[in-house]
1. Please give the per residue accessible area of the chain, computed with a probe of 1.4 Å over protein heavy atoms only, in Å².
2. Evaluated at 20 °C with a viscosity of 1.002 mPa s, what Stokes-Einstein diffusion coefficient in µm²/s does the chain have when Rh comes from the Kirkwood expression over alpha-carbon pairs?
3. Quick one: if you stick a label point 7 Å off each Cα along the C-beta vector at GLU78 and SER161, how many nm between them?
4. Please compute P(r) over all alpha-carbon pairs of the range 215-257, binned at 10 Å starting from zero, and give each bin as a whole-number percent.
5. Could you go through the range 73-78 in sequence order and give the Karplus-derived ³J(HN,Hα) for each residue, using 6.51 cos²θ - 1.76 cosθ + 1.60 with θ = phi - 60°, rounded to whole Hz, and x for Gly and Pro?
6. Which percent of the accessible area of the chain is formed by carbon and sulfur heavy atoms (probe 1.4 angstrom)?
7. Apply the Karplus curve 6.51 cos²θ - 1.76 cosθ + 1.60, θ = phi - 60°, to the phi angles in the range 216-225 and return the couplings in whole Hz, x for Gly and Pro.
Amino acid sequence: MESFGARLHRAMRERGPLCVGIDPHPALLAQWGLGDDVAGLERFARTVVDALGDRVAVVKPQSAFFERFGSQGMAVLESTIRQLRNLGSLVLLDAKRGDIGSTVRAYASAYLDPSSPMYVDAVTASPFLGVGSLAPMFELAAEHGGGVFVLALTSNPEGASVQRARSADGRSVAQTVLDEISQLNAGAEPIGSVGAVIGATVGKTDCDLSGVNGPLLAPGLGAQGATAADLRVVFGSAVPAVLPAYSREVLGAGPDPAALRAAADRAVTECRAVLAMS
Ligand SMILES: O=C(O)c1cc(=O)[nH]c(=O)n1[C@@H]1O[C@H](COP(=O)(O)O)[C@@H](O)[C@H]1O
């Protein structure tokens, strides 16, 4: 079974370093002339899948915008995941799940077990109940060639109060998360399957990223104010591992498929220029 890290490494080489989110905000549904209902949700998701599913390396559905429509919304999410996988993009479900280990096992089964209707290539997870609490996710991901992206320095301003706080040994909480990820990825080639999430908005991280050996998801570009140039400020010499993530900036160009593709192409071109400068 090829690891998620290896599959992502290849996808980023073939399709460019870009992750586009499917975030059906009510404002975006309205902007696209769609109702704030399941039919609008389905049309929105399908439009993004058809426009980008065969050309971007990773697509990142935001679970919350599907969950808000209950079981019908989840049915749309399941079919969106299937459609994306059929078109060859890697699916990273943004759910930021975290719980105690025995419960996390159920979350791991929901997203990382091939027999699940919501089986995805990777999922985001919150380490703030302890990175070790996510062990069932890491285990199931390793078993089935999946990936887990662990939050470290999130793009929201409130994150710093927790993530930059100092642990007993003087390291920031974010650094303790990154160091545990480094251990999980030790020795993996060409890159590990446990990623970290570091917002492109956070400025200097004061973190040592040199040992992570995993993909670095960088949300916060565009709508949250970060630019591709910020990637060098935030990631420094770690930029080759960066997977830039855009949602509203690209989705705002819709619903015309050609406009969506042009927006994605612009994003990947901008990011490639910066990442290649490493
Ligand atoms: O895990 C994420 O994707 C994520 C982490 C983070 O630190 N910040 C962040 O904005 N995100 C997600 O990225 C999406 C927002 O992207 P934009 O619309 O491009 O700002 C939302 O789905 C967020 O939940």
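The values are calculated or read from the model by the stated rules, or taken from the named source; none is laboratory data. What you see is a predicted model; the values in this text were computed from it and never measured. In this analysis, Cβ positions are derived from the backbone assuming ideal geometry, glycine residues included, and neighbour counts consider all displayed protein chains. Only protein heavy atoms, including side chains, enter the accessible area calculation; ligands, DNA and RNA are left aside. Shrake-Rupley method; radii C 1.70, N 1.55, O 1.52, S 1.80 Å.
1. Accessible area per residue, the chain: 40 Å².
2. Translational D for this selection: 115 µm²/s.
3. With each label placed 7 Å out from Cα toward Cβ, I get 3.9 nm.
4. P(r) over the range 215-257, rounded to whole percents: 28, 48, 20, 4.
5. Each residue's phi maps through the Karplus curve to give x, 5, 5, 5, 4, 4 Hz.
6. Whole-percent figure for carbon plus sulfur exposure: 52.
7. 3J(HN,Hα) across the range 216-225, in whole Hz: 10, 6, 10, x, x, 7, x, 4, 8, x.
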